[in-house]
Amino acid sequence: MECDICFEDITDENYYCLLGCKHDSSCKNCLTEGINNAINDLVFPVTCTICNLPLEIEDFNVLIPDDKTLKRFYRNSFNKFKVDHQKDFTFCLTPDCEGLSPTIKNNIYNCRECSTRWCIKCKLLEHPTVTCEQAIRESKMTDTEKFDEWKAAHTKPCAKCNSPIEKTHGCNHMTCGVCSSHFCWLCTPGGPISSTSSPIYDHLSKAHGGFFT
């Protein structure tokens, strides 16, 4: 029997009958080459050259013997499915995750495959404490910019040497870890500064009615 693609005689070793349509007029080598071309060109589904019936999964397992190519086939076919069905499904944004869902609640996609939660509106990880605009801005910030923003919100400069000081407990008496100066957290900058703690505690009592806020 002659192959209808390469016109070579089909040997017993090169013979294959497609499981779905039962057509066997193409040799195994040509079928494998056709599948590889479909993978590269994102032509899915891969069909029989005679009747255009899609090939069965078992056909691919036989005609694509190496796991690397088989995985590429599944990945590319899924990517083509995603392109063709963008309006029908929401797909997980995690790289290499094949999770998808036809329905979304409250603009949050909860992937059942990888358990990641995505905001559908801005395409970023779920951000319940900030708006989409804030999340987008933060996603574009460098680590240095993020640190500078955190430092501005959570620290004050030492009244003497300007080293950043973070307040981690309730007392408003602060001691600089760099120059050992004492100062009032509430009045910095511009407040009293001392080499000892007593003047600052006196100031807190008189000016603020106590040591704690």
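The values are calculated or read from the model by the stated rules, or taken from the named source; none is laboratory data. Computed from a predicted structure; not experimentally measured. Cβ placement follows ideal geometry from the backbone for every residue including glycine, while neighbour counts extend to all protein chains displayed.
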Hits in the range 34-56 (condition: exposed (fewer than 14 other Cβ atoms within 10 Å of the Cβ) and farther than 19 Å from CYS17 by Cα)
ASN37, ASN40, ASP41, LEU42
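Any idea which residue in the range 39-78 is farthest from the chain's Cα centre (by Cα), counting only those that are polar (S, T, N, Q) and not in a loop (DSSP other than H, G, I, E, B)?
If we filter the range 39-78 for residues that are polar (S, T, N, Q), which is where we start, we get 40, 47, 49, 52, 61, 69, 76-77.
Those still in the list that are not in a loop (DSSP other than H, G, I, E, B) too: 40, 47, 61, 69, 76-77.
On the way: ASN40: 26, THR47: 34, ASN61: 31, THR69: 25, ASN76: 19, SER77: 21 Å.
So the residue we want is THR47.
Would you confirm, using the coordinates I've provided, whether PHE81 is part of a helix (DSSP H, G or I) and either among the aromatic types (Phe, Trp, Tyr) or in contact with a strand residue (DSSP E or B) (Cβ under 9 Å, 6 or more places away or on another chain) (or both)?
Working: part of a helix (DSSP H, G or I): yes; either among the aromatic types (Phe, Trp, Tyr) or in contact with a strand residue (DSSP E or B) (Cβ under 9 Å, 6 or more places away or on another chain) (or both): yes.
Considered against the rule, which asks whether it is part of a helix (DSSP H, G or I) and either among the aromatic types (Phe, Trp, Tyr) or in contact with a strand residue (DSSP E or B) (Cβ under 9 Å, 6 or more places away or on another chain) (or both), PHE81 comes out as yes.
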Inside the range 197-209, the number of residues satisfying the requirement of being surrounded by 11 or more Cβ atoms within 10 Å (Cβ to Cβ) and not in a helix (DSSP H, G or I) is 1
Determine which single condition GLY170 fails, assuming it passes every other condition in (1) assigned by TED's automatic domain parsing to the domain that holds PRO199; (2) surrounded by 12 or more Cβ atoms within 10 Å (Cβ to Cβ); (3) touching a residue at least 40 places away in the same chain (Cβ under 8 Å).
(2)
Please determine whether any residue of the range 8-28 is aromatic (Phe, Trp, Tyr), in a loop (DSSP other than H, G, I, E, B) and surrounded by fewer than 16 Cβ atoms within 10 Å (Cβ to Cβ).
yes
